[in-house]
Amino acid sequence: MNQTGRVFCYYVSLLFGLLFLNFLLFNVIPSDPSRIMLGPNADNAAVEHLRQEFGLNDPLIKQFTHYIQGLLSFDLGISYTTRRAVWPDVASSFKVTLLSSFSALLLATIYSIISAYISFVSKSGFRKFFTALNSNLMSVPSLVIAIVFGLFCIRWDLLSFAGTGDVRNILMSALVLTIYPSASLSQILLEQTFTLDKQPYIIEARSFGFTNSFIFWKRLLKNALLPWISQISNVVAILIGGAAVVEVVFSVPGIGRLLFQAVLRRDLPILQGILATVTSCFIIINILTEFVYWFLNPRKGEIHVV
Amino acid sequence: MLYKYRRLIIASGIIAGLWLLFEVWALIVSASPTEVVLSERLLNPSIEHWFGTDDLGRDILSRTAYGARLSFRVSILAWFASLSFGLFLGGIAGYWEGSWLDRTISWCTGALFIIPYMIIIIAALSVLGPGLENAYLVLTFIAWAAPARMTRINVIKIKTQDYIRAAHAMGFSPLSIILKAILPAVIPTVLIASVGILPELIALDAGLSFFGLGVRPPAPSLGKMIVDGLSNLSLAWWIALAPTFALGLICISVNIAARILRNAT
């Protein structure tokens, strides 16, 4: 089997593993979902009826195939508390989270390229400064950044649009969310820039008398971005975790707030739906990243395996 | 001697000193962290209550001290557990490189690196039920991947050396070779590199208690305090300030310690 096939198999197996974990977590470990749904005082006949209805008495394999079939037709079950279908709620809040995450990622891209450019062109202490700054920013939990930002917003009365879900609200959470990816992506790019700086083709370009700026944009950046791209999916994984917290702080109607409410109410179908959606979306992002990496890498055929 | 190990001493001094600070602080604060005094609700910071009181009249300073202490305990214990777990599994995977065992373990570590684990541990904990023991379990389950991967790479590098082959020739069992000959040689490298996951564990622990999945209330924890402060953010800004500050201080100091250690090697 060639490299491409192996990578594809890896992700498909990962997807099935995660979905199976998701299935086990919610359908097997809780002793009785129908009991949770009806409350502790329900009579046994009603519980049994609900078990029949949900197919909880079927063998495990049949339940799993049923679950996968449901996923394929976007049927994620019915919420315990609102009694509505889970998928529309999850989809609409996931859209908000994706929007804020991608604007955060865009800001992070701009920051990392600019910081790499500044520290490459001006050979002074900028590199040390950015490295130290990034490393410390990376370690601060997004919870802390969100609260500090929120306190400043209250000081200047900027939180009037919290909870509305309009563009300003989403942008606010994106601004907080961008700190982690900015720092970590900039760190990777800085390291890569200074590894490539000692490569013969850069020394050659320099001996031709090209300016640092020209070398950075035309010769160095494309190569320096390769490891950067391979790290994006890891960064997005942590970014989504941060989004869960930040959205609660700024009450953005995204996946984080839905998760928070579902945890408070122990609404297992919504949790399961969120988990299935996020993990499937992640596998897709990873496959896309592999594809972009392959597309940009001049050494074709060499696919990067995470 | 002292000069040679100065970085190690400074770094462990930062972590241990901070931990000790919160331990001692929690011992000497006079106000109880859980005592509800309804006559002293939402007090401003003053000499009596340095960081004010929350909406149930509890002293925020002592709650922060207890919460930070708990945060330290949870994350350092989870760190040790995941480190030993990762060392063992990484050692096995590196020793039998290319076997089905190695492929399974590498599959798991690869998966743990790319999945959005925050969402998964929140979902897992809300099924398993909140509580400290489950939080330990879930944090360990997430964090073993990084040390395991590092151990595996180092074991592969080291296992062709002569003294390992000599151990083979003398007929030791693979398990005793891994435990007695290979792992002691890779432990220092892995230990130093994996201090870097400690701030992440602290942040994750705070995130879990933020979602109400850490230690059960009324026992104080940093994340839960921040949530409580959040609902009163415009009314009483000081409730969220102290735990946020403590959390940021802990994470940045531990990260600086990790950086000092990493530069030493």
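The values are calculated or read from the model by the stated rules, or taken from the named source; none is laboratory data. Since the structure is predicted, the reported quantities are computational estimates derived from the model, not experimental observations. Neighbour counts run over all protein chains shown; Cβ positions are idealised from the backbone, glycine included.
Across the range B:223-247, the qualifying residues are those that are among the aliphatic types (A, V, I, L, M) and facing chain A (nearest Cβ under 9 Å), and the one among them that is surrounded by the most Cβ atoms within 10 Å (Cβ to Cβ) is B:I226.
Does A:L190 count as away from chain B (no Cβ under 12 Å), under 18 Å from A:S233 (Cα atoms) and either surrounded by fewer than 18 Cβ atoms within 10 Å (Cβ to Cβ) or modelled with pLDDT of 80 or more (or both)? No, not satisfied. Scanning the range A:211-238 for residues that are of a type in the set (V, I, T) and either under 18 Å from the mean Cα position of the chain (by Cα) or part of a helix (DSSP H, G or I) (or both), we see that the one that is farthest from the other protein chains (Cβ to nearest Cβ) is A:I215. Which one of these is within 13 Å of another protein chain (Cβ to nearest Cβ), at pLDDT 90 or above and assigned to a helix (DSSP H, G or I): A:S101, A:S160, A:S112, A:S135? That would be A:S101, the only listed residue that is within 13 Å of another protein chain (Cβ to nearest Cβ), at pLDDT 90 or above and assigned to a helix (DSSP H, G or I). The residues of the range A:61-114 that are small (G, A, S) and over 23 Å from the mean Cα position of the chain (by Cα), listed by number, are A:G70, A:S73, A:G77, A:S79, A:A85.
Being of a type outside the set (A, V, I, L, M), buried (at least 24 other Cβ atoms within 10 Å of the Cβ) and part of a helix (DSSP H, G or I) holds for only one residue in B:S84, B:S71, and it is B:S71. Among residues of the range A:188-210 being among the charged types (D, E, K, R) and not in a loop (DSSP other than H, G, I, E, B), the one that is nearest to A:L221 (Cα to Cα) is A:E191.
Among all positions in the range B:112-125, there is at least one residue which is surrounded by fewer than 23 Cβ atoms within 10 Å (Cβ to Cβ), more than 18 Å from A:V263 (Cβ to Cβ) and more than 8 Å from chain A (Cβ to nearest Cβ). Does the range B:199-211 include one or more residues that are part of a loop (DSSP other than H, G, I, E, B), within 25 Å of the chain's Cα centre (by Cα), facing chain A (nearest Cβ under 9 Å) and crowded, with 19+ Cβ neighbours inside 10 Å? Yes, that holds for at least one residue. Taken across the range B:180-192, residues that are within 12 Å of chain A (Cβ to nearest Cβ) and surrounded by fewer than 20 Cβ atoms within 10 Å (Cβ to Cβ) do not occur at all.
Residues of the range B:51-67 that are touching a residue at least 24 places away in the same chain (Cβ under 8 Å) and in a loop (DSSP other than H, G, I, E, B): B:F51, B:G52, B:D54, B:D55, B:R58.
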